[in-house]
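Asker: Quick one: the structure is below, questions incoming.
The values are calculated or read from the model by the stated rules, or taken from the named source; none is laboratory data. In this text the structure is predicted, and so the values were computed from the model without any measurement. Ideal geometry is used to build each Cβ from the backbone, glycine not excepted, and the neighbour counts take in all protein chains shown.
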Amino acid sequence: MKEIIFQGKNFPIKIDYQPQKRSTLTIKEDHALFSLCYDLSTKQQLEQMKTLHEKLYTTTTKKVVLETLALLKAHSPRRIDKVRFKKMTSRWGSASANFNLNFNLDLAKLPLQVQQYIVIHEYSHLFQMNHSKAFWATVGQFDPHYREHRKILRKYEKAWHKMQTLNN
Ligand SMILES: [Zn+2]
């Protein structure tokens, strides 16, 4: 692990060893700071870094999704039964006809406006379960700049796909 992708930016990792009980991860201006207990083995360090990294994504993804949904519901109420979060490999989110919404826990990797666009996209499916003109008109009501946000999303997907290919 050399860097952390968070809200559209790459943060190089810095590690700080502290005589404390709990390790932490903080996103700073230009780096991601792991503050680790000094008496951990290398294996334990890596495990804690992985856990903290995942926790950062889980916590921030849930916060952004739930806050955006609250705003959408206040503006234009729609029934939602369940909001679920999970790791998904091929999609950022989905909506089902029985009022459930699902979101990828990796959403936190994307710029904030793009995360919000994804929430808006899935929420709009509760009005239109298709990608018709009417659907995009609904999306446009909530996010007038959705075209630009979709473009940015595609750009990130392309870049990351390339990255994965290079890593393999
Ligand atoms: Zn869709």
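Asker: Step by step: first the residues of segment 74-93, then only those that are of a type in the set (Gly, Ala, Ser) and outside any loop (DSSP other than H, G, I, E, B), then the one that is farthest from ALA108 (Cα to Cα). Which residue is that?
Answerer: So, considering only residues that are of a type in the set (Gly, Ala, Ser) and outside any loop (DSSP other than H, G, I, E, B), the one farthest from ALA108 (Cα to Cα) is ALA74.
Asker: Only residues that are of a type in the set (D, E, K, R) and either surrounded by 15 or more Cβ atoms within 10 Å (Cβ to Cβ) or within 26 Å of GLY8 (Cα to Cα) (or both): list them for segment 74-112, please.
Answerer: ARG84, LYS86, LYS87, ARG91, ASP106, LYS109
Asker: To continue, here is another question. One residue is enough: does segment 148-160 have a residue meeting the conditions closer than 29 Å to GLU3 by Cβ, touching a strand residue (DSSP E or B) at 6+ places or on another chain (Cβ under 7 Å) and in a helix (DSSP H, G or I)?
Answerer: So far as segment 148-160 goes, no, none of its residues is closer than 29 Å to GLU3 by Cβ, touching a strand residue (DSSP E or B) at 6+ places or on another chain (Cβ under 7 Å) and in a helix (DSSP H, G or I).
Asker: Considering segment 120-153 alone, what residues qualify as being within 21 Å of LYS9 (Cα to Cα) and within 14 Å of the ligand (Cβ to nearest atom)?
Answerer: TYR146, HIS149, ARG150, LEU153
Asker: Output the number of residues of segment 31-69 satisfying the condition of being acidic (Asp, Glu) and either over 16 Å from the mean Cα position of the chain (by Cα) or at pLDDT below 95 (or both).
Answerer: Count: 2.
Asker: Test SER35 against the stated conditions and say whether it is in a strand (DSSP E or B) and away from the ligand (no atom under 16 Å from the Cβ).
Answerer: For SER35, the condition - in a strand (DSSP E or B) and away from the ligand (no atom under 16 Å from the Cβ) - is met.
Asker: If you don't mind, there's one more thing I want to ask. Report the residue count in segment 8-38 for those that are exposed (fewer than 13 other Cβ atoms within 10 Å of the Cβ) and among the aromatic types (Phe, Trp, Tyr).
Answerer: Total satisfying the criteria: 1.
Asker: Suppose we filter GLN48, GLN115, GLN128 for residues that are touching a Phe, Trp or Tyr at 6+ places or on another chain (Cβ under 9 Å), surrounded by 19 or more Cβ atoms within 10 Å (Cβ to Cβ) and either touching a residue at least 24 places away in the same chain (Cβ under 8 Å) or not charged (D, E, K, R) (or both); which single one remains?
Answerer: Selected residue: GLN115, the only one of GLN48, GLN115, GLN128 that is touching a Phe, Trp or Tyr at 6+ places or on another chain (Cβ under 9 Å), surrounded by 19 or more Cβ atoms within 10 Å (Cβ to Cβ) and either touching a residue at least 24 places away in the same chain (Cβ under 8 Å) or not charged (D, E, K, R) (or both).
Asker: Just to be sure before I move on: is VAL139 among the β-branched types (Val, Ile, Thr) and touching a residue at least 60 places away in the same chain (Cβ under 8 Å) in the structure I sent?
Answerer: no
Asker: Take the residues of segment 79-106 that are touching a residue at least 24 places away in the same chain (Cβ under 8 Å) and within 15 Å of the ligand (Cβ to nearest atom): which is farthest from TRP160 (Cα to Cα)?
Answerer: Once the filter is applied, the top-ranked residue is ALA97.
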